[in-house]
Amino acid sequence: MAKPNNFPDQRARMVERQLRRRGIDDERVLAAMAAVPREDFVPEQVRASAYNDSALPIGHEQTISQPWVVAAICQALQLDGDEKVLEIGTGSGYSAAVLGKLSRRVISIERVPELGESARRNLEELGTRDVEVIVGDGSRGYAEEAPYDAIAVHAATPEAPHSLLAELAQDGRLVVPIATGSADLLVAFIRENGVLRQETIGPCRFVPLIGAEGFNPPDQAE
Ligand code: SAM
C-alpha cells in the first residue's frame, strides 16, 4: 500500500483506475495525466486528497475538475501535438498544464482575477511553457488569436457560445458541457468541410460559465 502522500504512486494509480479502466484510451492523454502533478494545483488544506476521484475546492466558489473529466475533454479534442488551443475556465491551471503537454500552444481564459493569478504562478513553478493565462470573459472567445484548432470549455453553459463556434478553425473541435434541465452533457462540436456536427460524450457536472454568452452573474440573475 502506498504511504500517505506518496503522490507519484497515487498519480499512477489514478491513471490506471480512474482513467484507463473507465474508457480513456488515448495514450498521449494518459501520459500527460501521468506527468502533471495535480497536488501542485490544489490548496494546501486539500493536498492530501489531490488524487481523489472528484473535483476539489480551489477558493472563490470554484473547483479543480475531477481527473476523469479533464482526461475526457482532452481525449475528445483528439490533439496530436501541433494545435493552438483555447481553454475557457483556467481555474487552478491544472487542465491548462495537461493541455500544454498535448498541443503546441494554449491560451487559457479565467474570469476570476485571483484564480488567474494563482494559476499563472502554479504553471510558472512547474516550468510550463507555451501556456498563457488571460483574465476575462471567455464566453466571448478571444478574437486576438483566433482561429483555434481546439477549444475546451470547463464550465457549463446553456448552449455552445456563438463566439467560440465562430473562432473554431476548419477541422477544429469545441468540447463544452451543455446545461440541461437535469444534468450537464459534455458535447463535442466538430467543424468538417464547412459543416458543424455534434457528438455527445456523456453526462457530467460543472460549475456555470458566467458571462455574456453563458449564465448571468448571481447578482444579475432574474
Ligand atoms: N479546469 C480547471 C482546473 O483544472 O482547475 C477547473 C475549471 S473550474 C471547473 C471552472 C472555471 O471556469 C472557474 O475557475 C470559473 O471561475 C471559470 N469561469 C466561469 N465562467 C467563466 C468565463 N466566462 N470565462 C472564463 N472563465 C470562467
Worksheet item: Thr200 fails exactly one of the following numbered conditions: (1) open to solvent by less than 70 Å² (accessible area, probe 1.4 Å); (2) in a strand (DSSP E or B). What is the number of that condition?
Response: (1)
Worksheet item: Which residues, counting only those in region 84-109, are touching a residue at least 60 places away in the same chain (Cβ under 8 Å) and open to solvent by 20 Å² or more (accessible area, probe 1.4 Å)?
Response: Lys84, Gly89, Lys101
Item to complete: Go through (1) of a type outside the set (Gly, Ala, Ser); (2) touching a strand residue (DSSP E or B) at 6+ places or on another chain (Cβ under 8 Å); (3) not in a loop (DSSP other than H, G, I, E, B) and name the single condition Phe206 misses.
Response: (3)
Response to the item:
Within region 62-83, the residues that are near the ligand (Cβ under 8 Å from one of its atoms) and either in contact with a Lys or Arg (Cβ under 8 Å, 6 or more places away or on another chain) or open to solvent by 40 Å² or more (accessible area, probe 1.4 Å) (or both) are Gln62, Thr63, Ile64
Practice prompt. Say whether the condition of being within 14 Å of the ligand (Cβ to nearest atom) and touching a Pro at 6+ places or on another chain (Cβ under 7 Å) is met by at least one residue in region 192-204.
Written response: yes
Fill in: Filter result for Thr90 (near the ligand (Cβ under 7 Å from one of its atoms) and of a type outside the set (A, V, I, L, M))
yes
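If you take the residues in region 52-61 that are surrounded by fewer than 16 Cβ atoms within 10 Å (Cβ to Cβ) and assigned to a loop (DSSP other than H, G, I, E, B), which one is farthest from the ligand (Cβ to nearest atom)? Outline the logic, then answer.
Of all residues in region 52-61, those surrounded by fewer than 16 Cβ atoms within 10 Å (Cβ to Cβ) come to 53-54, 57, 59-61.
Then drop every residue that is not assigned to a loop (DSSP other than H, G, I, E, B), which leaves 53-54, 60-61.
Details: Asp53: 15, Ser54: 12, His60: 7, Glu61: 8 Å.
It comes out as Asp53.
For region 180-189, indicate whether the set of residues that are more than 16 Å from the chain's Cα centre (by Cα) and at pLDDT 95 or above is non-empty. Please lay out each step first, then the result.
Filtering region 180-189 down to residues more than 16 Å from the chain's Cα centre (by Cα) leaves 180-183.
Cutting the leftovers down to at pLDDT 95 or above gives us none.
Among the residues of region 180-189, not one is more than 16 Å from the chain's Cα centre (by Cα) and at pLDDT 95 or above, which makes the answer no.
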Worksheet item: Got at least one residue in region 115-131 being open to solvent by less than 10 Å² (accessible area, probe 1.4 Å), within 13 Å of the ligand (Cβ to nearest atom), in contact with a helix residue (DSSP H, G or I) (Cβ under 6 Å, 6 or more places away or on another chain) and β-branched (Val, Ile, Thr)?
Response: no
Worksheet item: Do we find that Glu39 is open to solvent by less than 60 Å² (accessible area, probe 1.4 Å), of a type in the set (Asp, Glu) and part of a helix (DSSP H, G or I) in this structure?
Response: yes
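Can you list the helices (runs of 4 or more DSSP H) lying wholly within region 81-177 that have 2 or more residues being at pLDDT 95 or above and over 20 Å from Ile190 (Cβ atoms)?
Numbers: elements: 94-102, 113-125, 162-166.
In region 81-177, the matching helices (runs of 4 or more DSSP H) lie at 94-102, 113-125.
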Practice prompt. Within region 161-175, track down each residue that is over 16 Å from Leu79 (Cβ atoms) and buried (at least 22 other Cβ atoms within 10 Å of the Cβ).
Written response: Pro161, Leu164
Worksheet item: Going by the conditions given, is Val135 free of Cβ contacts under 8 Å to residues at least 40 places away in the same chain, closer than 27 Å to Pro113 by Cβ and within 12 Å of the ligand (Cβ to nearest atom)?
Response: yes
Worksheet item: Looking at (1) within 16 Å of the ligand (Cβ to nearest atom); (2) more than 24 Å from Asp40 (Cα to Cα); (3) touching a residue at least 24 places away in the same chain (Cβ under 8 Å); (4) open to solvent by 40 Å² or more (accessible area, probe 1.4 Å), which is the one condition that is false for Asp149?
Response: (1)
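The values are calculated or read from the model by the stated rules, or taken from the named source; none is laboratory data. If you're wondering where the values come from, they're calculated on a predicted model, not measured in any experiment. Positions of Cβ are backbone-derived with ideal geometry, glycine not excepted, and every protein chain shown enters the neighbour counts. Just so you know, the surface numbers come from the protein's heavy atoms only, side chains and all, with ligands and any DNA or RNA stripped out. Shrake-Rupley method; radii C 1.70, N 1.55, O 1.52, S 1.80 Å.
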